[in-house]
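Chemist: One structure, pasted below without further comment.
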């Protein structure tokens, strides 16, 4: 009997990782002093986003513009590679990595679906043998604009991007892992869904 085709969908920040990787990458990229001083400036838009006055997309673009507008793309990608080697391994939840590896070893299609920019997720995912659907950053020439290319990959946009990326009718089992309200729409696609499955300690992760 043919083995049922399975696809496993994993949120990244807070599900696979202990902390929000956009914040951790930014701290790594710009240095502790600039990161801390800038967060005073960004405190207001972040607070407005938590109160649902600013959208997550608008808040993220304010954040990205402040830190990364006009960065040369090759320099940014090099920084992502360094972050992937030096920092990201320490942020990965061991049980999440074990789950990912078990799907890959069985030959199941395994996809990270994340609101974080794809730039520092892709190098790690490639090493694990998994695919990535994530937020894309807008580039003009060879420089980041500070804007998102298209829509922030969160909430209903996760569903839209998944449906664009693959035909769900090809799979008998769709398994989803997430940790926030931004994953609930993705859970609606699943035959099995797991909410905060790898946490031993509750950690606050921004919802953008």
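Chemist: With surrounded by 20 or more Cβ atoms within 10 Å (Cβ to Cβ) and touching a helix residue (DSSP H, G or I) at 6+ places or on another chain (Cβ under 6 Å) as the only criterion, which of 83, 10 stands out?
Modeler: Just one listed residue meets the conditions, 83.
Chemist: Say we look at region 57-78 and pick out the residues that are over 24 Å from residue 154 (Cα atoms) and in contact (Cβ under 8 Å) with a residue 12 or more places away in the chain; which of these is surrounded by the most Cβ atoms within 10 Å (Cβ to Cβ)?
Modeler: It comes out as 71.
Chemist: Where residues in region 123-147 are free of Cβ contacts under 8 Å to residues at least 12 places away in the same chain and within 19 Å of residue 64 (Cβ to Cβ), which of them is nearest to the chain's Cα centre (by Cα)?
Modeler: To start, the set of residues in region 123-147 that are free of Cβ contacts under 8 Å to residues at least 12 places away in the same chain comprises 126-127, 138, 140-141.
From what's left, within 19 Å of residue 64 (Cβ to Cβ): 138, 140-141.
Numbers: 138: 16, 140: 23, 141: 25 Å.
Checking each candidate, the answer is 138.
Chemist: At pLDDT 95 or above, over 29 Å from residue 163 (Cβ atoms), over 18 Å from the mean Cα position of the chain (by Cα) and surrounded by 13 or more Cβ atoms within 10 Å (Cβ to Cβ) - does that describe any residue in region 15-34?
Modeler: Within region 15-34 (the criterion being at pLDDT 95 or above, over 29 Å from residue 163 (Cβ atoms), over 18 Å from the mean Cα position of the chain (by Cα) and surrounded by 13 or more Cβ atoms within 10 Å (Cβ to Cβ)), the answer is yes, since at least one residue qualifies.
Chemist: Separate question: Is it the case, given these coordinates, that residue 158 is at pLDDT 95 or above and within 13 Å of the chain's Cα centre (by Cα)?
Modeler: Taking the combined requirement at face value, the residue satisfies it.
Chemist: Related question: Could you list all residues from region 151-179 that are exposed (fewer than 14 other Cβ atoms within 10 Å of the Cβ) and either in contact with a helix residue (DSSP H, G or I) (Cβ under 7 Å, 6 or more places away or on another chain) or in a loop (DSSP other than H, G, I, E, B) (or both)?
Modeler: Residues satisfying the conditions are 156, 167, 172.
Chemist: For residues that are touching a residue at least 12 places away in the same chain (Cβ under 8 Å) and not in a loop (DSSP other than H, G, I, E, B), tally how many sit in region 185-200.
Modeler: We begin by selecting, within region 185-200, every residue touching a residue at least 12 places away in the same chain (Cβ under 8 Å); these are 185-186, 188-199.
Still in the running and not in a loop (DSSP other than H, G, I, E, B): 185-186, 192-195.
Number of matching residues: 6.
Chemist: Within region 71-87, is there a residue that is within 22 Å of residue 182 (Cβ to Cβ) and touching a strand residue (DSSP E or B) at 6+ places or on another chain (Cβ under 7 Å)?
Modeler: no
Chemist: Now, a different point. Give the residue, chosen from 74, 89, 123, that is assigned to a helix (DSSP H, G or I) and more than 19 Å from residue 24 (Cβ to Cβ).
Modeler: 74
Chemist: Please tell me if residue 54 is surrounded by 14 or more Cβ atoms within 10 Å (Cβ to Cβ), in contact with a strand residue (DSSP E or B) (Cβ under 9 Å, 6 or more places away or on another chain) and over 30 Å from residue 168 (Cα atoms).
Modeler: Working: surrounded by 14 or more Cβ atoms within 10 Å (Cβ to Cβ): yes; in contact with a strand residue (DSSP E or B) (Cβ under 9 Å, 6 or more places away or on another chain): no; over 30 Å from residue 168 (Cα atoms): yes.
In short, no.
The values are calculated or read from the model by the stated rules, or taken from the named source; none is laboratory data. Since the model is a prediction, treat every value here as computed from it, not as a measurement. Virtual Cβ from ideal backbone geometry, glycine too; neighbours counted across all protein chains shown.
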